[in-house]
Amino acid sequence: PHPRFAPNPDRKTPVPVSSSSLPMLPLARRLARYGPGARRLLHTGPPADPGVLASRLASRAVVRFRGPEAARFLNSLLTNDVLLSHASSSQPQRYAPTPNLPARAPPPQYAALLTPQGRFLYDLFLYRPAPRSQMLDRTGAAPQTGERPGGEDGEGDGGEVLADVDAAEVDELLACFKRYRLRSKVEIDNVSEEFLCWQRFGNDVAHAGPSTQEPEAQSIGWGQGSDHAAESSAQGNGHGWQWLKDPRLDILGYRGIFPADTIPPLVEADKEADERHYLLWRIENGVAEGSTEIPKGEAIPLEYNLAGLNAISFDKGCYIGQELIARTHHRGVIRKRLIPLKFVDENDKELEQAVAPGSDVVDDASGKKVGTVSTALGSRGMGLLRLDAALKENATLAISDKRDVRVKAIKPDWWPAEWTQVLEQQSAVA
């Protein structure tokens, strides 16, 4: 198997089960064809609830920024407004605390570090652990129920920020941030041996509610009321680590950083899946992640939909690469975007493992290049394509060196209407 999806040696290896003896999910059925290593889809067989899956993200690492200027340091470099998240949070307060769970959990943020020319370098998920003053101690003596959580007025700005980053690039990322540190009072460390990244996703997990609470945790309560302390206990563990709503899209579910020696709450044995399930889920929704899927030093962030994934603030002050982002955004038209793809034959039957990343997509009628496949898994993929050619009516796309492989471009449901309105108007005029 690919090293980024290597099995966890600390987990028990599941007993092989014949695919003909058990009903398989459409998702699992697709992934079962990818080789011996990939057949280890779930730790204990097919999940009882196919709508909910959880994956440990071996492709991600954890970096810690710690010091009184940590937040300001990151805010000066990254595309998103890190200080805004710290100053004001829409997260509801909990005045009935649970042992060692924060009274107020700041929502995570998604952001990117760019080159001075505005090209993509690294993406980061930023988490701000609640200070100890907002957690009960082992005896449950403090803080008292009803106490106003500390730090709401922005005092103590900085502290500690954990970042979930691409594991394949973690050494280069650390060196890059340390070059920018100069005299800033911030320590930067790789803490991947202490923490792991997890994702909880699926049709039954995605929801559009304002709360960051996991639906299964929200269901805990009496009658029509909610037991907020029980919610916190269900979605977190005894050390204050919680599932938090993915900052990019509701459809992506929940994400979290948890101690390496623990299993996150709500992760049952039959719901833990190989990371390729999550990769396929992202591919089908057109969401790239990491410097492999978003080419480092080359990708223009707006073409890879980072603005729609809440990774860019257009209201904050200066950051590295801001000029290109602002100019492209205010120009108003992005002609190429990352879009989900499906690979089929002439009879519209899905083709497995027929396309490799880097393959050119062409208009079969004119022979002109439309774009390039950036990621491929089975019969699905993502590619950076010209929208006017990819989404036009009766488009016939194919792989340049395999004309018998047809390509279907699929517009994701989460795309804002304005992304394609201008192109649709131009097409109507033509």
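The values are calculated or read from the model by the stated rules, or taken from the named source; none is laboratory data. Note that the coordinates shown come from a computational prediction; the quantities given were computed from them, not determined experimentally. Positions of Cβ are generated from backbone atoms using ideal geometry, with glycine treated the same way; all protein chains shown enter the neighbour counts. SASA here: full protein model, heavy atoms, side chains in, ligands and nucleic acids out. Shrake-Rupley method; radii C 1.70, N 1.55, O 1.52, S 1.80 Å.
For region 356-375, the residues whose amide N sits under 16 Å from a probe point set 7 Å from the Cα of residue 396 along the beta carbon direction are 362-370. Ranking 334, 397, 347 by Cα position along the charge dipole of region 333-429, where only Lys, Arg, Asp and Glu carry charges on their C-beta atoms, puts 334 farthest toward the positive end. Under the simplified labelling scheme, the residue 408-residue 331 pair shows an inter-label distance of 3.3 nm, with each label point 7 Å from Cα along Cα→Cβ.
Placing +1 on the Cβ of every Lys and Arg and -1 on the Cβ of every Asp and Glu, with no other charges, gives region 276-346 a dipole of roughly 200 debye about its Cα centre. Counting protein heavy atoms only, region 333-429 has 44 percent of its accessible area on carbon and sulfur, 1.4 angstrom probe. Computed from the Cβ-Cβ distance with R0 of 35 Å, the FRET efficiency linking residue 66 to residue 318 stands at 0.90. Working from label points 7 Å from Cα in the Cα-to-Cβ sense, the residue 187 to residue 115 distance is 3.4 nm.
Annotation: per residue accessible area for region 333-429 equals 51 Å², rounded to a whole number [probe 1.4 Å, protein chains only].
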